[in-house]
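Reading through the structure tokens given below for one structure.
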Amino acid sequence: MNEEEIKHDIKEFNNLREQLNSLTEEIEKDGKSDQQLLTGENRKEFVEALETANSFVSGISGYFDGLAKSQLYYSDHDWEHRRKKDTQAVIREKKKDLDDLADQNEYLIKHPRLSNLFLEVTLRCNAKCEHCGSSCGYDIPKDEITAEELKKTLLEIHNYYGAQNVFLTVTGGEPLMRKDLFDIMKYAVGLGFHWGMTTNGMLIDEEIIEKYRETNMESISISLDGLKETHESFRRVPGSFDKIMHAIDLLKGLETLRSLQITTVANQKNLGELEDIYQLLLDKGIREWRVMCVDPIGRACLNDGILLDKKGLVKMFNFIIEKRKEGRMVVDNDCSHYLGLKYEQITRPHGFICGAGIFIGSILSNGDICVCPNVRYKELVQGNIRTDSFVDVWENRFEKFRKKRITTNAKCKKCKSYKYCRGDSFHTWNYEDGVPNMCMKDILQEEFVE
Ligand SMILES: C[S@@+](CC[C@H](N)C(=O)[O-])C[C@H]1O[C@@H](n2cnc3c(N)ncnc32)[C@H](O)[C@@H]1O
Ligand code: SF4
Ligand code: SF4
């Protein structure tokens with residue numbers, strides 16, 4: 001998409017949003033004549049539907065807006081180039097974008113809407129990665145949710161929110177370890193859900209591809225953490241690299257797939273291989289690559305020699321920026337952490353929002369209802385699908401993520417970047433001490449521009 005086309009799309013979306021706004025206003029104002037057409041519950045539903053459409057369009061237009069802006073930064077607004085000319089002008093521009101995003105964030109916190117639901121179907125795993133944030137292993141935990149329990153909750157979510165409005169991301173552990181996974185997904189797709197998965201890719205064969213096809217799987221993210229030797233020692237599974245390469249070849253023939261993404265968790269052991277991985281993926285025909293840093297959660301805390309320091313993070317960000325400029329592949333940093341004015345937007349198309357409990361929810365492998373599966377602190381669990389209605393929990397609890405956000409603390413409140421960062425990602429928060437475990441301002445120092 002070129003700049004002109006993106007601008008055109010934004011204009012179209014904004015026109016549509018304005019039309020919807022004025023229609024909603026008219027209906028609200030002209031209650032009497034409107035009631036002749038729509039009365040009681042019907043009218044309420046109609047107005048609600050318009051509001052939903054409105055916020056959907058607003059979200060899409062925000063996304064395209066962000067995309068267009070970040071594209072502009074790569075071309076004539078390039079940070080490095082402009083910095084030499086007029087740093088203050090670039091900072092002002094970015095701040096304005098981030099102010100808009102902060103307003104959107106504020107709106108979303110007040111009007112949470114479930115749109116991404118993670119299903120952590122198991123904590124079992126056929127790998128034992130050094131960095132595993134969920135500390136997964138081979139044993140079957142006794143309290144794993146059953147297919148029937150999950151189906152019942154999916155039906156409830158469909159009845160209340162409409163399956164087509166909530167995207168399901170199946171994760172784990174290794175989701176393909178669950179033998180009844182496709183039974184669950186067949187049911188979900190029958191209700192109208194769209195779905196994708198994150199996987200280590202080791203179990204994907206012709207039979208699994210056929211099951212993906214039957215259940216209309218639309219997106220997949222496969223983890224690859226290095227070239228053969230590094231990947232296999234990091235994941236502690238000999239032979240896993242070749243299995244992933246084979247899986248990629250098989251997935252290319254899957255017609256239902258809209259997104260085939262590779263995820264690499266950059267760490268001290270693979271940082272020097274990023275360029276080689278890039279070439280390998282290009283040769284394999286991959287067009288989407290997510291490069292993110294290892295976070296201090298789960299097993300990564302036991303192997304803290306793998307965490308990236310300031311030098312490592314700067315190297316990773318600059319690598320992402322360089323590859324985005326080349327434009328041969330969509331290379332993105334993930335959604336975590338507020339990165340400061342220098343690296344926000346230029347390493348990913350969207351600015352930072354931690355969507356935990358705002359538009360992201362999860363059902364964990366024991367039925368616990370929480371936010372994204374990386375947030376594993378038991379005090380934050382909001383309910384359990386075995387004893388609670390998911391909808392009731394989503395609608396009436398989640399206070400800690402919304403009204404009384406626990407990431408408000410003395411240090412962050414004083415911070416100049418609080419408006420944009422809000423105490424950073426929930427999954428790296430230190431709940432015992434009430435402070436962020438990962439603050440990019442502390443780590444990046446002068447590279448974190450405020
Ligand atoms: C928890 S795994 C579950 C799916 C699957 N087993 C896999 O490895 O892709 C989902 C993603 O989280 C990443 N991940 C695990 N621990 C992490 C950590 N400490 N920091 C950042 N990402 C992590 C994995 O590398 C993987 O890409
Ligand atoms: S990161 Fe994924 S593959 Fe590795 S141990 Fe955790 S769940 Fe298993
Ligand atoms: S102190 Fe760090 S974590 Fe807190 S708001 Fe500022 S940048 Fe974010």
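The values are calculated or read from the model by the stated rules, or taken from the named source; none is laboratory data. If you're wondering where the values come from, they're calculated on a predicted model, not measured in any experiment. Every residue, glycine among them, receives a Cβ derived from its backbone with ideal geometry; neighbour counts consider all protein chains shown.
Only residues that are in contact with a strand residue (DSSP E or B) (Cβ under 9 Å, 6 or more places away or on another chain) and more than 19 Å from residue 123 (Cβ to Cβ) were counted in segment 192-221, giving 12. Quick check, is residue 229 surrounded by 16 or more Cβ atoms within 10 Å (Cβ to Cβ) and more than 15 Å from ligand 2 (Cβ to nearest atom)? No: the conditions fail for residue 229. Could you tell me whether residue 433 is in a loop (DSSP other than H, G, I, E, B) and closer than 16 Å to residue 296 by Cα? When the stated conditions are applied, residue 433 passes them. Examine segment 394-401 for a residue that is modelled with pLDDT of 95 or more, within 24 Å of residue 110 (Cα to Cα) and within 16 Å of ligand 2 (Cβ to nearest atom), and state whether such a residue exists. No; the residues of segment 394-401 include none that is modelled with pLDDT of 95 or more, within 24 Å of residue 110 (Cα to Cα) and within 16 Å of ligand 2 (Cβ to nearest atom).
With respect to (1) at pLDDT 90 or above; (2) over 17 Å from residue 359 (Cβ atoms); (3) within 16 Å of ligand 2 (Cβ to nearest atom), the lone exception for residue 147 is condition (3). Looking only at segment 140-166, which residues are in contact with a Leu (Cβ under 6 Å, 6 or more places away or on another chain) and either more than 17 Å from residue 194 (Cβ to Cβ) or free of Cβ contacts under 8 Å to residues at least 12 places away in the same chain (or both)? Across segment 140-166, the qualifying residue is only 141. Look at segment 368-396: where a residue is of a type in the set (D, E, K, R) and a partner is outside any loop (DSSP other than H, G, I, E, B) and at pLDDT 95 or above, sitting 6+ places away or on another chain with Cβ atoms under 6 Å, you get 368/384.
The residues in segment 302-334 that are free of Cβ contacts under 8 Å to residues at least 40 places away in the same chain and more than 26 Å from residue 283 (Cα to Cα) can be counted, and the count is 4. The number of residues in segment 128-149 being under 21 Å from residue 182 (Cβ atoms) and buried (at least 20 other Cβ atoms within 10 Å of the Cβ) comes to 2. Screening 182, 193 for residues that are in contact with a helix residue (DSSP H, G or I) (Cβ under 9 Å, 6 or more places away or on another chain) and surrounded by 20 or more Cβ atoms within 10 Å (Cβ to Cβ) leaves exactly one candidate, 193.
Residue 342 passes every criterion in (1) more than 16 Å from ligand 3 (Cβ to nearest atom); (2) more than 30 Å from residue 150 (Cα to Cα); (3) at pLDDT below 95; (4) touching a Phe, Trp or Tyr at 6+ places or on another chain (Cβ under 8 Å) apart from (1). Please go through segment 284-305 and give me each residue that is in a loop (DSSP other than H, G, I, E, B), within 22 Å of residue 135 (Cα to Cα) and either touching a Leu at 6+ places or on another chain (Cβ under 9 Å) or among the acidic types (Asp, Glu) (or both), ordered by number. Answer for segment 284-305, where residues must be in a loop (DSSP other than H, G, I, E, B), within 22 Å of residue 135 (Cα to Cα) and either touching a Leu at 6+ places or on another chain (Cβ under 9 Å) or among the acidic types (Asp, Glu) (or both): 294, 295, 296.
Checked against (1) within 13 Å of ligand 2 (Cβ to nearest atom); (2) under 29 Å from residue 421 (Cβ atoms); (3) under 18 Å from the mean Cα position of the chain (by Cα), residue 135 passes all but condition (3). Those strands (runs of 3 or more DSSP E) of segment 317-389 in which 3 or more residues are closer than 23 Å to residue 92 by Cα are absent. Among the residues making up segment 410-430, a single one is more than 16 Å from ligand 1 (Cβ to nearest atom), surrounded by fewer than 16 Cβ atoms within 10 Å (Cβ to Cβ) and not in a helix (DSSP H, G or I): 416. Among the residues of segment 172-188, just one is without any contact (Cβ under 8 Å) to a residue 60 or more places away in the chain and among the small types (Gly, Ala, Ser), namely 188. The set of residues in segment 109-127 being surrounded by fewer than 19 Cβ atoms within 10 Å (Cβ to Cβ) and either closer than 12 Å to residue 199 by Cα or within 16 Å of ligand 3 (Cβ to nearest atom) (or both) consists of 109, 126. Only one of these is among the acidic types (Asp, Glu), modelled with pLDDT of 95 or more and within 16 Å of ligand 3 (Cβ to nearest atom): 309, 295. Name it. From the options 309, 295, the qualifying one is 295. With respect to residue 199, determine if the residue is closer than 23 Å to residue 242 by Cα, more than 25 Å from the chain's Cα centre (by Cα) and either buried (at least 21 other Cβ atoms within 10 Å of the Cβ) or in contact (Cβ under 8 Å) with a residue 12 or more places away in the chain (or both). Criteria not met by residue 199. Do you know which of the residues in segment 321-347 that are within 15 Å of ligand 1 (Cβ to nearest atom) and buried (at least 22 other Cβ atoms within 10 Å of the Cβ) is farthest from residue 226 (Cα to Cα)? Checked segment 321-347; the qualifying residue farthest from residue 226 (Cα to Cα) is 337.
When segment 366-409 is limited to residues that are among the polar types (S, T, N, Q) and exposed (fewer than 14 other Cβ atoms within 10 Å of the Cβ), the one that is farthest from residue 156 (Cα to Cα) turns out to be 408.
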